[in-house]
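Here is the structure we will look at, set down as structure tokens.
The values are calculated or read from the model by the stated rules, or taken from the named source; none is laboratory data. Since the model is a prediction, treat every value here as computed from it, not as a measurement. For neighbour counting, all protein chains shown are included, and Cβ atoms are generated from backbone atoms with ideal geometry for every residue, glycine included. All accessible areas refer to the heavy atoms of the entire protein, side chains included, with ligands and DNA or RNA removed. Shrake-Rupley method; radii C 1.70, N 1.55, O 1.52, S 1.80 Å.
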Amino acid sequence: MRIGVHTVALNIDAAEEPVYRNAATLINDTYERYSKHFPNKPVEQIWVYVALAIAVNLQSDARDKEVKPIMDALRELNKRIEETIGAE
């Protein structure tokens, strides 16, 4: 697989290959977006933006997974409260 101008050769399980290919696509797409937005920045600086953008997305996804069970419980609680209020 290619990331930017680099070829990356890894020994991975066949089941994991789509995950790695999707990750490479994400990296390349993010790099392309930042390089178009900042055409005068050095390549190294673009890679810093790429790393930061992907890390922020990773952190947001992790936070969303932590919050989802709480939000589901709150929705269920609100539903029960509304049913109880409506029953009066």
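Taking the chain as a Gaussian network, where each spring joins two C-alpha atoms under 10 Å apart, which residue of 52, 77, 26 fluctuates the most? Of the options given, 77 has the highest mean-square fluctuation. Counting charges near residue 39 (Lys, Arg +1; Asp, Glu -1) among other residues having Cβ under 13 Å from its Cβ returns a value of +2.
Axis of helix 17-37 versus longest Cα principal axis of the chain: the two differ by about 80°, to the nearest ten degrees.
Considering only alpha-carbon pairs that sit under 8 angstrom and 6 or more positions apart, the relative contact order computed for the chain is 19 percent. Per residue, the chain exposes 84 Å² of accessible surface when a 1.4 Å probe is rolled over the protein heavy atoms with every protein chain present.
Segment 39-80 and segment 1-35 have their alpha-carbon centroids 20 Å apart.
Each stretch of four or more DSSP H residues adds -39500 (n - 2.57); spread over every residue of the chain, this sum gives -27500 deg cm²/dmol at 222 nm. For Kirkwood radius over Cα pairs in Å, the value calculated from this model appears in (1) 17.4; (2) 16.6; (3) 13.1 under label (2). With all protein chains in place and a 1.4 Å probe, the accessible surface of the chain carries 58 percent carbon and sulfur.
Under a 5 Å amide H cut-off, with hydrogens placed 1.01 Å from N, residue 3 pairs with 8 among residues at least 5 apart or on other chains. Dipole check for the chain: with +1 at the C-beta of Lys and Arg, -1 at the C-beta of Asp and Glu, and the Cα centre as origin, the magnitude is about 420 Debye.
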